[in-house]
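First comes the structure, then the notes that go with it.
Values in this text are rule-based calculations from the coordinates and carry no lab data. As the structure is a computational prediction, the values presented were derived from the model and not from experiment. Cβ placement follows ideal geometry from the backbone for every residue including glycine, while neighbour counts extend to all protein chains displayed.
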Amino acid sequence: MIYAPSWFLQALPTFPLDGELWLGRSQFQDTVSIVLRHNPDHRWQQISYQVFEVPNAPGNLFERLNKINAFLKQNPSQFIKVCEQKKLVSEQELTKNLNLIIENGGEGIVVRRADLAYQTGRLNSALKVKVFNDDECEVIGYTEGKGKYLGKVGSLRCQLSNGVVIKLGSGLTDLQRANPPKIGTKVTFKFMGLTKKGLPRHPVFLRVRNDDTITQLPAK
C-alpha cells in the first residue's frame, strides 16, 4: 500500500496513468522507504511520478501521451513527469541508447511497438533490455525453505571475495533446492548493480562454477 499525501494526489489527473514513483537513479531503497511510510512526510517533495502511458486514451503511444502532455500544459506540476520516448530504427541506435543509460546509472530500457493500443500483462510486443553484472561467491550454508519449499533449501548463504555474505534463492530450480551445491562450492550469480551499502541488488543464482569451462558475461 502506498500512502501518498493529499497534495501529491491533487496534482494527478482524473484519467488513469501508467507510471512509476521515482526519487532518482540508484535510490530505489530510499524511494520504498518514503512511499510505504504510513504517515507521509516532507520527503514526498522529492518524489515524482514518471508517466509511461495513458491507458484509456485512443491512438498510438505518442498520440496517447498527447493527453497527459496537454493536461500538464494546462496544469503544470513539478511532481508529474512524462518519460521520454524515442523512436529507434536500428539495432545500433538501440545499443547506443542502452549504453548511454547504463553509463548514467540506469538499469536498461523497454523496447515496444508504438503503433499498438495499450496492453497489459506479459507482451510479445514489449521487451526489457538490461545489462547485468555477474560475480562469483562460495556457498557457506543454507536457509530452510518455507511454503512450497518446505523440506528443501530456501536459499544459499554465500560469501563474496570481500567477506560479505549474501543469500541466493531466486534462480534455484526445484532440483537444486532438493540437492543444493555443497558447502565450499563456487557459484556464479547475476545482479543489478550495488545498493548504497555495497550489496548486490536483486542477486539471482545462475550456475555452479565449472573450473574447466568458466563462462563470464561482464557488463559492458
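Taking a Cβ cut-off of under 14 Å around LYS152, the surrounding Lys, Arg, Asp and Glu residues balance to a net charge of +1, with basic ones at +1 and acidic ones at -1. For the range 173-181, backbone phi angles converted through the Karplus equation (6.51, -1.76, 1.60; θ = phi - 60°) give residue-by-residue couplings of 7, 4, 5, 5, 6, 7, 10, x, x Hz, Gly and Pro being listed as x.
Report the Cα centroid-to-centroid distance between the range 47-108 and the range 141-165 in angstrom, as an integer. So the separation of the two Cα centres works out to 39 Å. Listed by Cβ neighbour count within 10 Å, with the fewest neighbours leading, CYS83, CYS158 appear as CYS83, CYS158. Among the listed pairs LYS81/LYS130; LYS81/LYS148; LYS128/LYS182; LYS96/LYS167; LYS81/LYS197, which are separated by more than 31 Å between their Cα atoms? LYS81/LYS148; LYS128/LYS182; LYS96/LYS167, as the Cα separations exceed 31 Å there.
Farthest toward the positive end of the dipole of the range 133-208, out of PHE205, TYR149, PHE191, is the Cα of TYR149, where the dipole comes from beta carbon charges about the Cα centre. For the peptides 51-61, 192-202, the ranking by packing is 51-61, 192-202, with the highest mean count of neighbouring Cβ atoms within 10 Å listed first.
Within the range 133-208, the proportion of Cα pairs with more than 21 Å between them is 20 percent. Put in line by how crowded their Cβ is, counting other Cβ atoms within 10 Å and starting with the fewest, THR143, THR14, THR173 read THR14, THR173, THR143. Long-range amide H contacts for ASN133: which residues qualify at under 5 Å (H placed 1.01 Å from N, peptide plane, sequence gap of 5 or more or a different chain)? Amide H to amide H, under 5 Å and 5 or more residues apart or across chains, ASN133 pairs with PHE191, GLY193.
With P(r) over Cα pairs in 5 Å bins from 0, in percent defined as stated, name the option among (1) 1, 6, 12, 16, 19, 18, 14, 9, 4, 1, 0; (2) 1, 6, 11, 12, 13, 15, 14, 11, 8, 6, 3, 1, 0; (3) 1, 7, 14, 18, 17, 13, 11, 8, 5, 3, 2, 1, 0, 0 computed from the structure displayed. So the structure-derived entry is (2).
Annotation: amide H of GLU53 within the under-5 Å range of ASP18, sequence separation 5 or more or interchain, hydrogens built in the peptide plane.
Each Lys or Arg adds one and each Asp or Glu takes one away; over the other residues whose Cβ falls under 11 Å from the Cβ of TYR49, this sums to -1.
Across all directions, the average projected area of the convex hull around the alpha carbons of the range 15-129 is 8.5 nm².
Taking Lys and Arg as +1 and Asp and Glu as -1, the other residues whose beta-carbon sits under 13 Å from that of VAL204 total +3. FRET efficiency for the pair TYR3 and GLU136, taken as 1/(1 + (r/R0)^6) with r the Cβ-Cβ distance and R0 = 35 Å, rounds to 0.30.
For the residues VAL89, VAL111, VAL208, a GNM of the chain with alpha-carbon springs under 10 Å puts the largest fluctuation on VAL89.
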